[in-house]
1. Past the 32 Å Cα-Cα mark, which pairs from 326/434; 5/291; 352/441; 325/434?
2. Sum up the charges of everything whose Cβ sits under 11 Å from the Cβ of residue 50, counting Lys and Arg as +1 and Asp and Glu as -1, but leave residue 50 out.
3. Net charge around residue 133, counting only other residues with Cβ within less than 12 Å of its Cβ (Lys, Arg = +1; Asp, Glu = -1)?
4. Hey, which lysines would be in cross-link range of residue 218, C-alpha to C-alpha under 18 Å, not counting anything within fewer than 8 residues on its own chain?
5. Arrange the peptides 466-477, 54-65 so that the one whose residues have, on average, the most other Cβ atoms within 10 Å appears first.
6. Counting each pair of different Cα atoms once, what's the Kirkwood radius of the range 1-119 in Å, rounded to one decimal?
7. Only one of the listed values, (i) 20, 34, 22, 20, 5, 0; (ii) 24, 57, 18, 1; (iii) 21, 53, 22, 4, 0, was derived from the coordinates as P(r) over Cα pairs in 20 Å bins from 0, in percent; which label is it?
8. What residues of the range 313-328 lie in the reach of a label at residue 445, counting those whose backbone N is under 17 Å from a point 7 Å from the Cα along Cα→Cβ?
Amino acid sequence: METSKYLSRVLVIAGSDSSGGAGIQADLKVLTAHGVYGMTAITALTSQNTQEVNGIEVMDSQFVRKQIDTCIEDIGIDVLKTGMLASPEIVAEVAAAIDRHKLINTVVDPVMVSTSGSVLLSPSAVETYAKLLLPRTLILTPNRDEARLLLCQTNSNCSDSKDDAMSLARDIKALGPSYVLVKGGQCPYMENLTDANTIKKKFVIDILYDGSRFWEFKSEFVDSTSTHGTGCSLAAAIASNLALSQPVIQAVENAIHYVQAALSEAVSLGKGHGPINHTVSIYRLPFYKGKFYDYLIRHPKICNIWTEYVDHSFVRQLAEGTLDKKAFMYYLVQDYMWLRHYARAHSLAGYKASTLSQSASSAAIVLYIEREIVLHKSFFDDFGISENDINTTPESVESMAYSRYLLDLGLQGDWMGLQVGLSPCLLGYGVIAKRLLTDSKIKRENNPYHRWIENYAGQDYERAVRLGQELLEEHALKQSTSRIAELVDIFAHATRLEAAFWQMGLDYVTKLMNT
């Protein structure tokens, strides 16, 4: 099926981590967090946790080849990312696949030693890495130990200085990768760039080299035991960013920022080196597409107030035809005054709108309000309310509080806040009228208020409700989680004012009886 949407794709060739903190499990979490589609070719199954790797089952290299080809030939890929390759034969198969499929964007994380200290790659596989895979690599991401293994260096007489990292990057670049990122997470520094002790650790430096220039990425040191899978996650984040068409330098820098945040927000899991928080950057809304209205009316801050509003005693008495006429007449006059302000608020929403369609929607609702006001005037005739009655009746405190709240919301806030504030009236009346029309207890014959109910259950009003709700749902998806929390408070307050408006009519009669 043809579609104009495009989903960036990354194939991960790596081992499985049964604890979920590293390997393909971590990579898929990172890819998802970046909005990238992930595929896997599993090179090995491992039995591991945060403390140890106690078992490895290496896949047959031909089966790894089959996984790679099956994904690429059908779905295709934008970036190839490797992790633990487990054997010389698998390393050779990956190099051959890069040639066979003419892959350019390759991110190679030379996983050789786990965070817990377990050796994951044989010396012969390391040699094959250097000979076959590195010349076909766009970005190589070793830590210092891995860099020395690739160069067949021992750790004796090696320093953890920045100069040493730059020297390692320069030497590995000679083996063929286009870019070398020597990770510095194992070697924190003090402010004066000397090796830091436990108390004075300040920052880490990652060194990127392309053969002619060095880039230094300096990050605050995060003192945490939740470091399992940081290397896998960094390489996966780089691959994600490349798949999203970011240039190499930007892709690396943004990936470092992601891992830094994931380290800072990690929650302790396990007894050893736990995982980072891979979901730190996922934008999570507390509702699904098209369900913002449902989320609002079921929210703990709103559900009771909403029930009080849509099932108010005033409403029930309307349906039963038992409502005191004086209560309805007072409500009708106050609602007539309030609707004029409500129209002004919707006009303000049209002004605040950022698109023509939003402005047009606001205009359509204002036109409906105009027809609603005409309907109110017809009720004035039915109930004997004169123009003088309307002009001499002071606006109630409830009407002033509600209408001024909406106008102030529009003047001080944004379009979305005002739209949410306007919604309880628009949507709530539709809910009430629909329910009352299907209620077996409703009195239809000789009920002076039945026409009022029918108006709000009619197709005209239903269209206005649908328009308002569609606007709400569409733009709710564009809000931040903190903004959603603010919108919940707005909706709750407006709903409370709606319930108070019903109560106003009943209280008016009570006051008359007490005077």
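Computed from the coordinates by the stated procedures, all read-outs in this text should not be read as laboratory data. Here the structure is a predicted model, which is why all the values come from computation and not from measurement. Note that each Cβ is placed from the backbone with ideal geometry, even for glycine, and that neighbours are counted across all protein chains shown.
1. Details: 326/434 25 Å; 5/291 23 Å; 352/441 43 Å; 325/434 23 Å.
Over 32 Å apart, Cα to Cα: 352/441.
2. Details: positive: 271; negative: 17, 52.
Taking every other residue near residue 50 into account, the sum is -1.
3. Working: positive: 131, 136; negative: 93, 99, 109, 127.
Within the 12 Å Cβ shell, the charges total -2.
4. 162, 183, 200, 201, 202
5. On the way: 466-477: 17.2, 54-65: 15.3.
Going by the mean number of other Cβ atoms within 10 Å, highest first, we get 466-477, 54-65.
6. Details: mean 1/r = 0.0678 Å⁻¹.
It works out to 14.7 Å.
7. Answer by label: (i).
8. Flagged as within label range: 320-322.
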